[in-house]
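Participant: Quick one: this structure, given as structure tokens, is what I'll be asking you about.
The values are calculated or read from the model by the stated rules, or taken from the named source; none is laboratory data. Every value quoted in this text rests on a predicted model; they were computed, and no experiment measured them. Positions of Cβ are generated from backbone atoms using ideal geometry, with glycine treated the same way; all protein chains shown enter the neighbour counts. These area figures cover heavy atoms from the full protein model, side chains too; ligands, DNA and RNA do not enter into them. Shrake-Rupley method; radii C 1.70, N 1.55, O 1.52, S 1.80 Å.
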Amino acid sequence: MDYGYTEHSHRHISIVSQRAGEILETLNYPKRTIELVKIAGYLHDIGNCVNRVDHAHSGAILAYNILKDMGMPVEERTEIMMAIGNHDEQTGTAVSDISAALILADKSDVHRNRVSNTNLSTFDIHDRVNYAVTDAELKIDSKERKAILSLKIDTKICPVLDYFEIFMDRTMMSKYAAKYLKIWFELVINDTKLL
């Protein structure tokens, strides 16, 4: 599926679900909280089936109703709904530990595998920036209380400055999400610490 500039299919939601769970597991959260963030990660982009615009809010409502029909307790489905509804940088912010971990996991998935367009000559800035990222790793250091997003960007494809042109809002959202979890957010691009 292609619902915008980058893929939001099984690959993306699987990575986000796994990373979100790893974040809370590394920070020693209870098993049920880890399970809930994994569910939120897996469902976070479901609103794209309605519309790419405002997909976080559509997705929150869809997920809430799906989980209700499955018999999930209201407190748990509300937690998931809040996380999904707040994961988009245009309208959301970290409002819970689950939402903060979801934001960090989602915004860290920048990589050439997400580029749906296969024609390099028609790349827009989103395609170019994502395609230029050859390696992306999110590491949680529980001892140092840090979330470190390390990217390798092929500067022959696009300059690092282009990354910030389209990802500054996501970077700041990640910084605030980490702060919500009482950890520090660091961005490292091509072995240079930028934040």
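Participant: Between a residue in the stretch 135-147 that is over 15 Å from VAL110 (Cβ atoms) and any residue that is among the aromatic types (Phe, Trp, Tyr) and assigned to a strand (DSSP E or B), which pairs come within a Cβ distance under 7 Å, given they are 6 or more apart or on different chains?
Facilitator: Pairs found: ARG145/TRP184; LYS146/TRP184.
Participant: I'd like the residue in the stretch 102-149 that is part of a loop (DSSP other than H, G, I, E, B) and among the charged types (D, E, K, R) and, out of all such residues, is most open to solvent (accessible area, probe 1.4 Å).
Facilitator: LYS143
Participant: If you don't mind, another one. For the stretch 178-193, enumerate the residues that are open to solvent by less than 70 Å² (accessible area, probe 1.4 Å) and part of a helix (DSSP H, G or I).
Facilitator: Matches in the stretch 178-193: ALA178 only.
Participant: Right, something else. Quick check on the stretch 135-148. Is at least one of its residues at pLDDT 95 or above and touching a Gly at 6+ places or on another chain (Cβ under 8 Å)?
Facilitator: no
Participant: Scan the stretch 19-41 and report the pairs whose first residue is among the charged types (D, E, K, R) and whose second residue is buried (at least 18 other Cβ atoms within 10 Å of the Cβ) and assigned to a helix (DSSP H, G or I), with Cβ atoms within less than 6 Å and a gap of 6+ or a chain change.
Facilitator: ARG19/ALA105; GLU25/ILE34; LYS38/SER17; LYS38/GLY21
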